[in-house]
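FYI, it's all coordinate maths here, none of it is from the lab. These figures come from a predicted structure and were not determined experimentally. FYI the Cβ positions are ideal-geometry reconstructions off the backbone, even for glycines, and counts take in every protein chain you see.
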Amino acid sequence: MQFNWDYPAPFCIELSPQASQIDELNHVNNAVYLQWMEDCAWRHSSMLGLGLDAFTMLNRGMAVLRHEIDYLASARPGDQLILGTWLFKPNGRLKIERRFQLFNRNSGICLLRAHTLFVCVELSSGKPKRIPPEFIAAYGKAWREQEASE
């Protein structure tokens, strides 16, 4: 099935709601989408060479500053889903934006659009620090040229 991605060439993961993720209204609980976004972001980052080991070695990490999520339709038991993400070139020294879209594989309906703004932090202190060159080199392979909003 063809999906109407907002941007070309997303990094994607496939998802299937589990019974524990379904709430009393018989759809995926809103908090689960956030966990899926985090899982997708970690997998993408690791694929680009910035897994937990690299973060620890560099004493740097990307901490969430803000999430904006538009829940457009519900995921339900038995749905097959695909979650895509993109990184946007930073227009500052501290922040990176990541965007997401979630589709139902069977219907092609977009269930979610989200933006997450990350700030680079020094892991040992938790204080904001400039994005290190190693992050620029790894993430630069996947950055969209359109500048992110701050």
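Taking label positions 7 Å along the Cα-Cβ direction at both Asn4 and Leu34, the computed distance is 2.8 nm, reported to one decimal.
Start at zero, step by 5 Å, and the Cα-Cα distances of region 11-144 spread as 2, 10, 20, 21, 17, 12, 9, 7, 2, 0 percent across the bins. Using the average count of surrounding beta-carbon atoms within 10 Å as a protection proxy, the listed peptides 16-29, 106-119, 127-140 rank, highest first, as 106-119, 127-140, 16-29.
Note on Ala137 and Arg43: the model spin-label points, each 7 Å out from Cα along the C-beta direction, lie 2.7 nm apart.
Divide by every residue of the chain the summed helix terms, -39500 (n - 2.57) for each DSSP H run of at least 4, and state the resulting mean residue ellipticity at 222 nm, rounded to the nearest 500 deg cm²/dmol. Helices in the chain give a 222 nm mean residue ellipticity of -6500 deg cm²/dmol.
Provide the net charge surrounding Asn104, with neighbours chosen by a C-beta distance below 14 Å and charges set as Lys +1, Arg +1, Asp -1, Glu -1. Neighbour charge sum, excluding Asn104 itself: +1.
For Ser20 and Arg76, the difference between the fully extended length at 0.36 nm per residue and the C-alpha to C-alpha distance is 19.0 nm. With K and R counted +1 and D and E -1, the other residues having a Cβ less than 14 Å from that of Met57 yield a net charge of -2.
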